[in-house]
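See below for the structure under consideration.
Only the coordinates and a few stated rules stand behind these numbers; no lab work does. What you see is a predicted model; the values in this text were computed from it and never measured. FYI the Cβ positions are ideal-geometry reconstructions off the backbone, even for glycines, and counts take in every protein chain you see.
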Amino acid sequence: MADAVEAAKRAAAKTAVANHYPENARWVGIGSGTTIVYVVEAIKALGVDTSNTRYVPTGYQSRQLIVSAGLTAVEFDAVPAGTVLDVAFDGADEVDDDLNCIKGGGACLFQEKIVAMQAKQFICVADSRKLQSRLLTNWKYVPIEVAPIAAYRVLNKLLELGAINPIIRTNKDPKQGPLKTDQDFFLIDAPFKPLLTKADVANGQDGSGKDGVWEVNLLARAIKQITGVLDVGIFSGLTGPEATAAGGVGGQRPVAAYFGMPDGSVSVRKAL
Ligand SMILES: O=C[C@H](O)[C@H](O)[C@H](O)COP(=O)(O)O
């Protein structure tokens with residue numbers, strides 16, 4: 001079973017890199033987690049000249065991954081102002097029909113979000129367990145990065161929004177206290193009822209938060225507005241050309257998501 005999941009991640013990574021790694025890539029964002037390892041493996045396997053390519057990490061693990069692959073890491077704050085990354089690859093905890101994602105299960109989300117938003121194309125790579133119609137189907141909570149001093153205040157505000165038993169994430173040994181992110185912040189894991197998609201709302205369902213039922217973008221916005229929240233592990237909103245036209249770069253939502261399937265195939269969902 002574990003081997004099959006790893007094989008699925010590797011297959012998805014290989015296809016995503018084959019389809020989206022640009023010729024003469026100059027700037028490439030590299031996400032975090034277990035699936036991104038196979039993306040870096042696939043980039044290396046292309047055998048292309050990477051001497052002029054700079055890889056922008058999304059945290060400590062990501063930077064170590066880049067460096068141990070013999071590639072050049074450049075931190076996000078060292079990328080020259082105005083530079084648009086050619087592409088950013090990353091994993092996800094869950095992806096819905098509209099390509100909205102939940103991220104942060106591995107404690108990285110803020111740097112992943114700024115790197116994704118600075119890329120012309122954000123590409124998501126995952127295995128079939130992550131492929132769902134609605135967020136919070138198989139994956140049960142929204143990771144939220146918060147300033148430690150505000151953690152209890154944010155917990156209370158999340159309860160008001162309808163979160164069901166939100167908790168501050170601890171280290172594996174709870175005696176060691178709250179887990180710290182790469183920013184030295186805390187994470188709150190907030191379960192909610194499954195999130196509605198655009199189609200659900202178009203079909204008349206109420207995603208305004210009444211009875212704790214939220215449409216994806218509305219919940220992301222409501223959580224982001226709580227003072228003390230650095231960022232939310234919901235990646236949603238505009239993407240690709242849409243985002244560029246609105247004055248951004250590529251947006252938070254991937255333009256394409258690749259899923260390794262149990263039968264060895266790779267399924268692709270593309271943004272409309
Ligand atoms: O916090 C971690 C990141 O958001 C990961 O990209 C996400 O959790 C997916 O990780 P994995 O590839 O290990 O399933």
Q) Going 7 Å from the Cα of residue 133 toward and past its Cβ, which residues in region 238-261 have a backbone nitrogen under 20 Å from where you end up? A) 257, 259
Q | Gain upon complete extension [residue 68, residue 245; 0.36 nm per residue less C-alpha separation] | A | 60.0 nm
Q. Long-range amide H contacts for residue 170: which residues qualify at under 5 Å (H placed 1.01 Å from N, peptide plane, sequence gap of 5 or more or a different chain)?
A. 179
**Q.** Tensor-based shape of region 73-174 (alpha-carbon gyration tensor, a/c under 1.5 rounded, otherwise prolate or oblate)
**A.** oblate
**Q.** HN-Hα J in Hz across region 74-79 - Karplus 6.51, -1.76, 1.60, θ = phi - 60°, x for Gly and Pro
**A.** 10, 4, 4, 7, 10, 7
Q. Which of the aspartates and glutamates could a cross-linker span from residue 210 if the Cα-Cα distance has to be under 17 Å and same-chain partners fewer than 8 positions apart are dropped?
A. 160, 200
Q. Once amide H atoms are built 1.01 Å from N in the peptide plane, which residues 5 or more positions from residue 231, or in another chain, come under 5 Å H to H?
A. 145
Q: Could you calculate, for the chain, the ratio of the Cα radius of gyration to the Kirkwood radius, expressed as Rg to Rh?
A: 0.96
**Q.** Ranked by how many other beta carbons lie within 10 Å on average, peptides 89-102, 168-181, 120-133, 137-150 from highest
**A.** 89-102, 120-133, 137-150, 168-181
Q | Within region 1-137: Cβ-based charge dipole about Cα centre, in debye rounded to nearest 20 (Lys, Arg +1; Asp, Glu -1) | A | 140 debye
Q) What's the extension gain from residue 270 to residue 206 if we count 0.36 nm per residue and subtract their Cα-Cα distance? A) 20.5 nm
Q: Take 66, 226 and order them by how many other Cβ atoms sit within 10 Å, fewest up front.
A: 226, 66
Q | For a label point 7 Å along the Cα-to-beta-carbon line of residue 170, residues of region 112-141 with backbone N under 20 Å | A | 141
Q) Considering only DSSP beta bridges whose two residues both sit in the chain, what percent are antiparallel, to the nearest 5? A) 55 percent
Q. Charges only on Cβ, +1 for Lys and Arg, -1 for Asp and Glu: so what's the dipole of the chain about the Cα centre, in debye to the nearest 20?
A. 220 debye
Q) Fewest first, what order do 114, 167, 30 take by the number of other Cβ atoms within 10 Å? A) 167, 114, 30
